[in-house]
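Data first, discussion second: the structure below is written as structure tokens.
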């Protein structure tokens, strides 16, 4: 979309100055729209739609708003961030989660609750008292730069990982996106802040000799259950949650059916990819491991293998 800006400074006749800027926007189809910019009480230059496609009518519209003192809608400065963020990532109340589920998406309740903890711990303390319209990209950028060391205490010696910091700004973006959607602010300031660049270290793979050394001595593990669960993960590629979610009916001498994951707070749920799969028991599969799956009870509330 190309933009042709025609700045017009207008002064009201009755002793009060009302400055705003009219902006002409031409869409890809050639349609013309007019917006206006005005300064809010925090000195922030924000944009609003005029609903007009003619410059004269757009000017008249803005002049009337200026006369009524309504260039900046009251709802744009109504909410503090803490008030607006109150329902976010609260199960069955968060608009992001409920809309995702309504579109047949998946959203873990535990993931939702963990996100809320992040908001309460890292975001609310910095932005909670600010009005939505007062939050600027510079504020968010400074917060993001300070975030790694902000958690360091006598108990917490290590700074917050940069990947974790990126998660926090992503949560802030999601919340402020909803504020834009509800027309409480005109643009999302968090979208103008770049996250940390994460340099991923390549993961190597254990050699056969290394794997044999790891499992050669079961005494190195805390107990038999830990040994068997680790060996099962190494030989099948199963996730830890999938192993903990195994039921007796999922295991047979020929195969292991994987259809659930385990949530420490809410028990069984679907797999991470939401796809069921089977692991075939081959002759190379450790016979002692298969015996232990049937004999050892990995009990959680008495319902699992």
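FYI, it's all coordinate maths here, none of it is from the lab. Given the structure is predicted, the values throughout are model-derived calculations rather than measurements.
Quick look at the values:
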| item | result |
| --- | --- |
| Alpha-carbon centroids, the stretch 210-270 and the stretch 85-142: separation in whole Å | 34 Å |
| Average Cα contact separation per residue, the stretch 81-192, under 8 Å, 6 or more apart, as relative contact order % | 25 percent |
| Compactness of the stretch 81-192 - radius of gyration and Dmax, Cα, Å | 14.4, 45 |
